[in-house]
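Each remark here refers to the structure printed beneath this line.
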């Protein structure tokens, strides 16, 4: 079943920057996690709203610590405003974080970058994708991430931090932001692989005996491909803008990794277009198969009707109310008429067989 997005009617008449949550509430109580690290040490803890209110970024800057603050659940407008006040985020940025129906985009400010992207999870039972919005704020001394709920998409990055991998711990927050974006793109390829497998299995069924179930499946997969394309096309432009690095948020050491993500997005789009073309071809195969099946059924009915037409003609002739007609007075007239009907039918069957009208061959 397709999930219809909620409308923005609740914000009609409100001024820009109004903090109103738009979208589905996927986590009732937000979870705030804080990771601080440097090349030699790393700590991770869960914060309450009271502890977050007493957060001071200067304390970590003085200690040369990198700060990653992640929030699961973005339906609490008061919490988003608190984070916005602590890190001096523009009201429109806070508004976009609360609106979970945003397209991927990049907004550049003097002190930070605001990145919107989406993650997907393929649901095999319903042949649909569940979409999650991910918001990122990359500052000079901090990284903020906002997720609708906990999906585990960033867990590999956390594991690398916990293992104190040299590359991610020694490089700056820009490399951490790259790593998170890379995790999102990797998830896209997982979904693409699952959709590709479904497409191949569906094509095999279509070549045998398509039914209305396969038609529904084609429409479902086409909807999935549209959702993925809608997310990845803008993301490619976001990565391209990050590569230009006009505000110097990314170091020369991280820029090559951004090019790698850009290549991945291009590869993903090309693979997705291939699947979309395959689905369009499958729709043509389905329509041709249904049309061919209807033609065969109509041909079979036509053959049966034609076999009975001579018999109907003969029966109609002998049913006319004339006093003098051949075979009416003959004691074997009935059998002569029946034999004539059967003979003509057999002759027609032989002609149809020679023309291959009685087989499935066209």
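The values are calculated or read from the model by the stated rules, or taken from the named source; none is laboratory data. Computed from a predicted model, the values in this text were never measured in an experiment. Every residue, glycine as well, gets a Cβ built from its backbone with ideal geometry; the counts of neighbours run over all protein chains shown.
Contact annotation: no residue pair with Cβ atoms under 7 Å, 6 or more positions apart or on different chains, pairs a residue in the range 45-56 that is outside the structural domain of residue 87 (by TED's automatic domain parsing) with a partner that is loosely packed, with under 12 Cβ neighbours inside 10 Å and in a helix (DSSP H, G or I). On the basis of being surrounded by fewer than 16 Cβ atoms within 10 Å (Cβ to Cβ) and in contact with a helix residue (DSSP H, G or I) (Cβ under 7 Å, 6 or more places away or on another chain), does residue 251 make the cut? The answer is yes for residue 251. Scanning the range 146-159 for residues that are over 23 Å from the mean Cα position of the chain (by Cα) and buried (at least 16 other Cβ atoms within 10 Å of the Cβ) yields a total of 2. Scanning the range 252-298 for residues that are more than 19 Å from the chain's Cα centre (by Cα), under 16 Å from residue 237 (Cβ atoms) and touching a residue at least 40 places away in the same chain (Cβ under 8 Å) turns up 258, 261.
Here residue 153 clears all of (1) outside any strand (DSSP E or B); (2) touching a helix residue (DSSP H, G or I) at 6+ places or on another chain (Cβ under 9 Å); (3) modelled with pLDDT under 90 except the condition numbered (3). Residues in the range 196-207: is at least one surrounded by 13 or more Cβ atoms within 10 Å (Cβ to Cβ), closer than 22 Å to residue 259 by Cα and touching a helix residue (DSSP H, G or I) at 6+ places or on another chain (Cβ under 6 Å)? The answer is no, given that none of the residues of the range 196-207 is surrounded by 13 or more Cβ atoms within 10 Å (Cβ to Cβ), closer than 22 Å to residue 259 by Cα and touching a helix residue (DSSP H, G or I) at 6+ places or on another chain (Cβ under 6 Å). Just checking, how many residues over the range 238-248 are surrounded by 13 or more Cβ atoms within 10 Å (Cβ to Cβ), without any contact (Cβ under 8 Å) to a residue 40 or more places away in the chain and more than 21 Å from residue 170 (Cβ to Cβ)? Summing the residues that are surrounded by 13 or more Cβ atoms within 10 Å (Cβ to Cβ), without any contact (Cβ under 8 Å) to a residue 40 or more places away in the chain and more than 21 Å from residue 170 (Cβ to Cβ) in the range 238-248 gives 2.
Scanning the range 113-125 turns up at least one residue that is touching a strand residue (DSSP E or B) at 6+ places or on another chain (Cβ under 7 Å) and surrounded by fewer than 17 Cβ atoms within 10 Å (Cβ to Cβ). Taken over the range 176-186, the residue count meeting the criterion of being in contact (Cβ under 8 Å) with a residue 60 or more places away in the chain and surrounded by 19 or more Cβ atoms within 10 Å (Cβ to Cβ) is 6.
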